[in-house]
1. For the chain, which cysteines have no disulfide-compatible partner, meaning no other cysteine Cβ under 4.7 Å?
2. Work through the residues other than residue 3 whose Cβ is under 12 Å from its Cβ and net out their charges, Lys, Arg +1 and Asp, Glu -1.
3. Please list 46, 3 in order of solvent-accessible area, largest first, computed with a 1.4 Å probe with all protein chains present.
4. Could you tell me the accessible area of residue 73 in Å² (1.4 Å probe, neighbours in place), rounded to the nearest ten?
5. Where is the GNM fluctuation largest for the chain (alpha-carbon springs, 10 angstrom cutoff): 56, 29, 74?
6. For a quick check of your reading of the filter: which chymotrypsin sites (Phe, Trp or Tyr not before Pro) in the stretch 1-38 sit in a DSSP loop and have no more than 15 other Cβ atoms within 10 Å?
7. Considering only protein heavy atoms, with the full assembly of protein chains and a 1.4 angstrom probe, order 60, 20 by accessible area, largest first.
8. How much of the DSSP beta bridge set in the chain is antiparallel, as a percent to the nearest 5?
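The values are calculated or read from the model by the stated rules, or taken from the named source; none is laboratory data. Being a predicted model, the structure only gives us computed values, none of them experimental. Positions of Cβ are backbone-derived with ideal geometry, glycine not excepted, and every protein chain shown enters the neighbour counts. Note: accessible area is taken over every heavy atom of the protein model, side chains too, but ligands, DNA and RNA are not part of it. Shrake-Rupley method; radii C 1.70, N 1.55, O 1.52, S 1.80 Å.
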Amino acid sequence: MYDLKPVGKYKITVCTNLPCALSGGYHACEYVQKKLGIGYGETTPDGKFSLKEGECMGACGDAPVMIVNNRSMCSHMHPEQIDKLLEECK
Ligand code: FES
């Protein structure tokens, strides 16, 4: 949750805990990393997106879960939803 170095305009934190991982979270992680071309703890060259691993956000039933800028919870983050989120962040 705390950032020890500057992050991009949109910090996307992906829940990597077991309930999310078992409900598509692993594939969601791979997909968002591939789409952004960065790994966890990294920021895109244009400074727009940063990607972080997160702990359970208390919404396991809505897995896979991501949160943007520590504020906006995003549920059921399968590839179509990830594409939509990234498009909205443009
Ligand atoms: S394990 Fe992901 S929200 Fe709980």
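1. By the Cβ distance rule, which asks for a partner under 4.7 Å, the isolated cysteines are 29, 56, 60, 74, 89.
2. Working: positive: 5, 11, 52; negative: none.
Its environment carries a net charge of +3.
3. 46, 3
4. Accessible area, nearest 10 Å²: 90 Å².
5. Among 56, 29, 74, the largest mean-square fluctuation in the Gaussian network model of the chain belongs to 56.
6. 2
7. Reading off the accessible areas and sorting them downward yields 60, 20.
8. For the chain, the DSSP antiparallel bridge percentage is about 55.
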